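These notes concern the structure reproduced below.
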4 protein chains.
Amino acid sequence: MHTAILIIQCRDNKGIVAAVSRFLYENNGNILAIDQYVDEEMGDFFMRAEWELETFGIGKDQIQEQFGSQVAKQFDMNFTLSFNFPKPKMALFVSKLSHCLFDILSRYYSGQFVVDIPLVISNHADLEPVVKAFGIPFHHIPVSKDTKSEQEAEQLDLLKENGVDFVVLARYMQILSGNFISHFPNRIINIHHSFLPAFVGAKPYHAAYKRGVKIIGATAHYVTEDLDAGPIIEQDVARVRHHNTIDDLVQIGQDVEKVVLSKAIKYHLAQKIKVVGNRTIIFS
Amino acid sequence: MHTAILIIQCRDNKGIVAAVSRFLYENNGNILAIDQYVDEEMGDFFMRAEWELETFGIGKDQIQEQFGSQVAKQFDMNFTLSFNFPKPKMALFVSKLSHCLFDILSRYYSGQFVVDIPLVISNHADLEPVVKAFGIPFHHIPVSKDTKSEQEAEQLDLLKENGVDFVVLARYMQILSGNFISHFPNRIINIHHSFLPAFVGAKPYHAAYKRGVKIIGATAHYVTEDLDAGPIIEQDVARVRHHNTIDDLVQIGQDVEKVVLSKAIKYHLAQKIKVVGNRTIIFS
Amino acid sequence: MHTAILIIQCRDNKGIVAAVSRFLYENNGNILAIDQYVDEEMGDFFMRAEWELETFGIGKDQIQEQFGSQVAKQFDMNFTLSFNFPKPKMALFVSKLSHCLFDILSRYYSGQFVVDIPLVISNHADLEPVVKAFGIPFHHIPVSKDTKSEQEAEQLDLLKENGVDFVVLARYMQILSGNFISHFPNRIINIHHSFLPAFVGAKPYHAAYKRGVKIIGATAHYVTEDLDAGPIIEQDVARVRHHNTIDDLVQIGQDVEKVVLSKAIKYHLAQKIKVVGNRTIIFS
Amino acid sequence: MHTAILIIQCRDNKGIVAAVSRFLYENNGNILAIDQYVDEEMGDFFMRAEWELETFGIGKDQIQEQFGSQVAKQFDMNFTLSFNFPKPKMALFVSKLSHCLFDILSRYYSGQFVVDIPLVISNHADLEPVVKAFGIPFHHIPVSKDTKSEQEAEQLDLLKENGVDFVVLARYMQILSGNFISHFPNRIINIHHSFLPAFVGAKPYHAAYKRGVKIIGATAHYVTEDLDAGPIIEQDVARVRHHNTIDDLVQIGQDVEKVVLSKAIKYHLAQKIKVVGNRTIIFS
């Protein structure tokens, strides 16, 4: 079913829900989901509405303008209008570890992710056979300090050529430059293998072991220029005990990582995420 | 802040959100929360709205009628209108175990539960000192098979005299009669010490041990005539291992029970629960 | 590293740990893990010891006899001696759902499971390409009521030819006969998509939805003739809310299923499971 | 039942379990629990053994010496010998928040904690009635920057007079000096309201809200001079969503705090904790 999705932000005020729902109703919109949230600290109102497009009284290309003039202007709204089609294009960046890649490909295979994966990019060749088994082009672009900017340029060209909408770093062990990130604002999802903000940076399982924590975790977040400090989309944890070695932590943690990353992808695909400052609203 | 709360059920249809939100807006209602849910299996629409009463344009006593004629009639709605005042009156029924009682009284003491507790009823005298330390009247009503109906009559009298709105069975180890229950439909909350529907009835920790489960749990539900089969409000679990004895399960489980029961009470107090058939919608 | 693993059961008594550890010490055994557990209800003592084989003073083929005469006899022990080599052979049975299969193959690929997978058997052809991509033979054996015994005979022949040690039912939607099961006592692992003993049998997610539970789960267990009633190896759960449809429950549940099943396989491969009656001891 | 408890640390070596268990067996010790753990990074062996004292062949006062000369010397062991009697004396330090206090007192009341509580110390008078209702002396010692050392001296005098074995900071909102801590090494348990090492210091729920985490937590740890950096005993977490306010986080978090703190107390009372560097081994 083709749907339209509206995400709104404005100062909290009386009548917003009434105005938006009237706009949809008067144009014969069949609402599938409507969620709202008031951030009391900011005093801002947020809303997400999704409705059937086929029976809607306003043509797809006119909605932006008409909603703008009939509703948004009055409340000084920021809003984004989007659609659940065409299928978005997701690029995967991987290094050597396969657990997140397999988890994503498994969901892609079974139809749980409604997405196209036009390419996988890696700084190592190891996972090429896995990716090819799924019929997905694999690009091996080794990365070195000295040539990083050229390699990122090559990556960006590939993403552009393939019309990629968003990028998933499925345990890609490289730090992206600010320039690279600027091409995909809030459209690069990373999985970090700790419950952020604990254990930012490299080797978080080693750090967790050393600190003697009883719980380890994983965090999916949008990538910003600040390392591991972007808006958190999803987190989860697993319990560990003193007798677990660092290798145990790695294995236990991988089960958390892959599920957390895939949940974040699912929210992103469903267009249920609104980034506000450095936080996320997950409409669900 | 005084608020009004509307919970609506009707056939799913276009324009419901628009009609309800217009009604609130046109009467100057400041919406504090609005949640909706469509049960696709039933084809029914559910909504909960809460708004400030003081600035509302319709008097407290007129809202029922005006909403009925202006909105509900058109959509053939079932709706309940209620208010977050006066403070509801909660009766506690206990036997000998104190963990749920303490947890509830602790929240009552700290102001986390906005409620009055006019009395505690027990079939044993053991917990009388605890209850009295909180300045709450304690009624010891021993229960025996032969005299159960008289004792329930005595309990019902006490509840009536004290204007009790709802009853919490905080590990009260007696089964209430259908007659008793009929006086408090969806207003008696029980905590059962298993993750229902597993281990209905007596001694669920023994049954869990015998079955060799790796997880135990607790379930808060509204009491109906079918034992441990009423609408579930909240559940949670804890992990156990082979070396845990039945006594261990009891101790581990008690921590789950008390938190689950108190969450259910919190939802009930906030009027966030809608019972639909044998399921609950928790607006939150 | 080659290791020997001893699992012991006997009446609880003084001196058992001393006798076993002396036996290992006097024969120059380097103990890697030693765990013991007393079942107070039964009065039985259980122990698992694992030690390095290479430096051990008794030849691999003599340990059974010498431990038997020097230690086990005195305490009237039941014991099993096994080794962590050669690599065990695991057969997978699947139907159409791929999530558990992918999870297992992903761990196999990355070396997390030290196991051989000589074949996959399915009653449907759907997953053949996936399995073949991993270079594993796939046998499509459609199952019908009338011919079930012949088909099981064919399956058993394949398992025998391939020297299969244990079988994993990775969402294999068929019930195995008592005869089949008798060939692999405590060596067939099934994943059931509910937190047993709740929702035994077919369509547990539908049943969970209907009952209105707030938590769903999955259970890995050894298969016995009683449907979904064999010894539980591992369980886990996930939280659901009223707005989750049955399809949501299926998706949320699949993430639990695959992790629970893989944990059970890991325990089985590490020879850390002792079945006692209908319960399991997980030495870990 | 009176028991003796031995906790051992030494270089890992062959024959340790055999030597310890032979010592216990030859002296007619009925072992109730024996747990061992090898820290592969350090190369150290750890063991905890608990056995019945009454039937043991060596007098309570001779065990230390005889185990030292017969076993410990040979392996160059560090060991501590202790007993599960007399009942330990626990002091509680509180400020204004009552949830942890109630949880502890509730377990004390029901006999879940086998402990004496000779006194509660607070820098505020608020909780005096609660404490007195349990018949426990309450000492109100206001703390100010300028007079902190005198007040700590007063606190230490009270702890000494009352023969206090260990101190629990049940949301005591003051930082103890290094001098104070030095009197109770690894015998002061604090509950910090975050999943450490995230959100060290004041106002962790505010910091968690600001960072936009999807999970909050609590950590029980032994107090050292480094703020919130001592050995972690127990941690747990709870899931939060974008619509939860800071007040919500506080309420949700309190349920985690109280259970985590009480679990840590339980481990401490059972003498199941061994601190190694800045980590804890929890024998269980």
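The values are calculated or read from the model by the stated rules, or taken from the named source; none is laboratory data. Not measured: the values here are computed from a predicted model. Every residue, glycine as well, gets a Cβ built from its backbone with ideal geometry; the counts of neighbours run over all protein chains shown.
Every residue in the range D:34-50 that is among the small types (Gly, Ala, Ser) and under 16 Å from D:Phe79 (Cβ atoms), please.
Taking the range D:34-50 first, the residues among the small types (Gly, Ala, Ser) are D:43, D:49.
Once the filter is applied, which keeps residues that are among the small types (Gly, Ala, Ser) and under 16 Å from D:Phe79 (Cβ atoms), the range D:34-50 yields only D:Ala49.
Taking helices (runs of 4 or more DSSP H) as the structural unit, those lying wholly within the range A:87-191 and holding at least 1 residues that are crowded, with 19+ Cβ neighbours inside 10 Å, within 14 Å of chain C (Cβ to nearest Cβ) and modelled with pLDDT under 95 correspond to A:128-133.
Would you check if B:Phe79 is over 22 Å from B:Lys266 (Cβ atoms) and modelled with pLDDT of 95 or more?
For B:Phe79, the condition - over 22 Å from B:Lys266 (Cβ atoms) and modelled with pLDDT of 95 or more - is met.
Within the range D:197-244, if we keep just the residues that are at the interface with chain A (Cβ under 8 Å from one of its Cβ atoms) and on the phi > 0 side of the Ramachandran plot, the residue that is surrounded by the most Cβ atoms within 10 Å (Cβ to Cβ) turns out to be D:Phe199.
Would you mind stating whether C:Phe134 is aromatic (Phe, Trp, Tyr), more than 20 Å from the chain's Cα centre (by Cα) and either within 30 Å of A:Asp247 (Cα to Cα) or in the same structural domain as C:Ala238 (by TED's automatic domain parsing) (or both)? Here the answer is yes, as C:Phe134 does meet what is asked.
Rundown of residues vs (1) out of contact with any strand residue (DSSP E or B) (no Cβ under 7 Å at 6 or more places or on another chain); (2) part of a helix (DSSP H, G or I); (3) surrounded by fewer than 16 Cβ atoms within 10 Å (Cβ to Cβ); (4) not small (Gly, Ala, Ser), yes/no style:
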residue: C:Met47; (1), (2), (3), (4): no, no, no, yes
residue: C:Glu50; (1), (2), (3), (4): no, no, no, yes
residue: C:Asp61; (1), (2), (3), (4): yes, no, yes, yes
residue: C:Glu65; (1), (2), (3), (4): yes, yes, yes, yes
residue: C:Ser69; (1), (2), (3), (4): yes, yes, yes, no
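The residue that is surrounded by the most Cβ atoms within 10 Å (Cβ to Cβ), counting only those in the range D:1-44 that are of a type in the set (Ser, Thr, Tyr) and not in a strand (DSSP E or B), is D:Ser21.
How many residues are charged (D, E, K, R) and under 17 Å from B:Ser21 (Cα atoms) if we restrict to the range A:4-20? Explain how you work it out, then say what you get.
In the first step, residues of the range A:4-20 are kept if they are charged (D, E, K, R); the result is A:11-12, A:14.
Next, only the ones that are under 17 Å from B:Ser21 (Cα atoms) stay: A:12, A:14.
So the answer is 2.
Looking only at residues of the range A:1-44 that are touching a residue at least 24 places away in the same chain (Cβ under 8 Å) and among the aromatic types (Phe, Trp, Tyr), we find that the one that is farthest from B:Asp12 (Cα to Cα) is A:Tyr37.
When D:Ile233, D:Ile215 are checked against the criterion of being over 17 Å from D:Cys100 (Cα atoms), of a type outside the set (D, E, K, R) and assigned by TED's automatic domain parsing to the domain that holds D:Leu97, D:Ile215 stands alone in meeting it. Residues in the range B:245-284 that are of a type in the set (Val, Ile, Thr) and either in contact with a helix residue (DSSP H, G or I) (Cβ under 6 Å, 6 or more places away or on another chain) or within 10 Å of chain C (Cβ to nearest Cβ) (or both): B:Thr245, B:Ile246, B:Val250, B:Val259, B:Val260, B:Ile273, B:Val275, B:Val276, B:Thr280, B:Ile281, B:Ile282.
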